[in-house]
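K.L.:
Quick one: the structure is below, questions incoming.
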Amino acid sequence: MKRKRAGRPAKLTRALADAIVTHIEDGCPLDVAAELECVYRTRAYEWFKKGEADESDGEVDDAGLYRYFRDEVIRARALVTRGVLSEIRTAHYVTKDGRELPDMRARQWYAERVLGYAPTQHVVADVTTAPQAADDTPEAIEASVTYLKLHKGGE
C-alpha cells in the first residue's frame with residue numbers, strides 16, 4: 001500500500017501547466033505567464049527546477065508533472081524563438097522612394113541579444129544607395145554594401 005504524502009497537495013496540475021504554457025506560446029516569459037494564472041513567479045521557477053531533477057521519463061503523475069511542465073515550457077519557448085527569428089530574418093522597411101530594404105536594426109538586435117555580443121559591442125552596417133543589380137552576383141552585392149564591421153568596445 002502506498003503511503004500518502006504529508007502536507008498540502010501541490011498546486012501544479014496538468015491544466016494549470018497547460019494554461020501557463022499557452023501564455024508562453026503567446027510570447028510571455030515564464031514569470032508573466034505564471035502571474036496571469038495567479039501563481040507566484042518564484043513558485044513557477046521552483047516547479048521548473050523540480051522538473052530538471054525529475055527522472056520520470058515524461059509520465060504525468062504527481063512525480064512526473066514537474067518534468068512535463070519543464071519540457072512543455074522549453075518547447076513553448078523554442079516555438080516562440082523560431083517565430084521571432086523568422087520575423088527578424090524577413091524584416092524589411094520601405095524607403096521614401098519605394099524600395100524595400102532589409103531592416104539591419106532587427107539583425108543588429110539579433111546579433112546583440114541572441115548571438116551574445118555585449119552591449120558595448122555594436123554591429124554597424126552602412127548600405128549604400130547604389131542602383132539595384134539585375135542579379136545577385138558577388139560584385140553586385142559588394143557594390144551595394146560598402147561597410148560592415150564589428151566594433152568591439154570602440155576599437
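K.L.:
Would you confirm whether or not the stretch 78-87 contains a residue that is exposed (fewer than 14 other Cβ atoms within 10 Å of the Cβ), among the β-branched types (Val, Ile, Thr) and modelled with pLDDT of 80 or more?
P.N.:
Yes, the stretch 78-87 has at least one match.
K.L.:
Filter the stretch 45-66 for residues that are of a type outside the set (Lys, Arg) and within 16 Å of Leu30 (Cα to Cα); which is modelled with the lowest pLDDT? Walk me through it before giving the result.
P.N.:
Looking only at the stretch 45-66, we keep the residues that are of a type outside the set (Lys, Arg), and these are 45-48, 51-66.
Next, only the ones that are within 16 Å of Leu30 (Cα to Cα) stay: 45-48, 51-52, 66.
Values: Tyr45: 94, Glu46: 94, Trp47: 94, Phe48: 94, Gly51: 91, Glu52: 87, Tyr66: 93.
Here the answer is Glu52.
K.L.:
Could you grab the pairs with beta carbons closer than 7 Å, sequence gap of 6+ or different chains, first residue in the stretch 67-82 and assigned to a helix (DSSP H, G or I), second one among the acidic types (Asp, Glu) and surrounded by fewer than 19 Cβ atoms within 10 Å (Cβ to Cβ)?
P.N.:
Qualifying pairs under 7 Å: Arg70/Glu52; Ala76/Glu25; Leu79/Glu25; Val80/Glu25.
The values are calculated or read from the model by the stated rules, or taken from the named source; none is laboratory data. Remember, it's a predicted structure, so these values are computed and weren't measured experimentally. Because the Cβ atoms are built from the backbone with ideal geometry, glycine has one as well, and the counts that use them run over all protein chains shown.
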